[in-house]
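Here's the structure we're looking at; comments come further down.
The values are calculated or read from the model by the stated rules, or taken from the named source; none is laboratory data. Values in this document were obtained by computation on a predicted structure and should not be read as measured data. Cβ placement follows ideal geometry from the backbone for every residue including glycine, while neighbour counts extend to all protein chains displayed.
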Amino acid sequence: MSKITENYPLPTVHLNGTGKETLLKENVRILSAIADLREAISDCTFHGRDYYVQDDNPAMDAFNDDNAFSRAMDERVKHINNISDFAEYIEQHIEHLVDQN
């Protein structure tokens, strides 16, 4: 078993389970949807001008690290990283399935 499967179980193709072709098809579909989501995120307008009015002193807060836009950016990055982690998880499923007989 690979190191990956020690972290969490991955599906095993066997006679009484879901077929390998189905498992691969469904996981590839998820990965494709993640790619579409990433494209939608990159096409989405995300700019500081849409957040500065939330700061106490917009003229001065733009020069410090604790302003509305930097907090919004931190939150956005957190979720993008979660999407990347999920994509990696699905890629591991695909790789694991491909390696099975």
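Inclusion of Val77 among residues that are in contact (Cβ under 8 Å) with a residue 40 or more places away in the chain and not in a loop (DSSP other than H, G, I, E, B) is not warranted.
Any chance you could count how many residues in the range 10-26 are under 15 Å from Tyr89 (Cα atoms) and modelled with pLDDT under 95?
0
Quick check on the range 35-46. Is at least one of its residues at pLDDT 95 or above, outside any helix (DSSP H, G or I) and either surrounded by fewer than 10 Cβ atoms within 10 Å (Cβ to Cβ) or in contact with a Pro (Cβ under 7 Å, 6 or more places away or on another chain) (or both)? Yes, because at least one residue in the range 35-46 is at pLDDT 95 or above, outside any helix (DSSP H, G or I) and either surrounded by fewer than 10 Cβ atoms within 10 Å (Cβ to Cβ) or in contact with a Pro (Cβ under 7 Å, 6 or more places away or on another chain) (or both).
Scanning the range 47-64 for residues that are surrounded by 13 or more Cβ atoms within 10 Å (Cβ to Cβ), part of a helix (DSSP H, G or I) and at pLDDT 85 or above turns up just one, Gly48. The residues on offer are Asn82, Asn101, Asn67, and the sole one that is surrounded by 14 or more Cβ atoms within 10 Å (Cβ to Cβ), of a type in the set (S, T, N, Q) and out of contact with any strand residue (DSSP E or B) (no Cβ under 9 Å at 6 or more places or on another chain) is Asn67.
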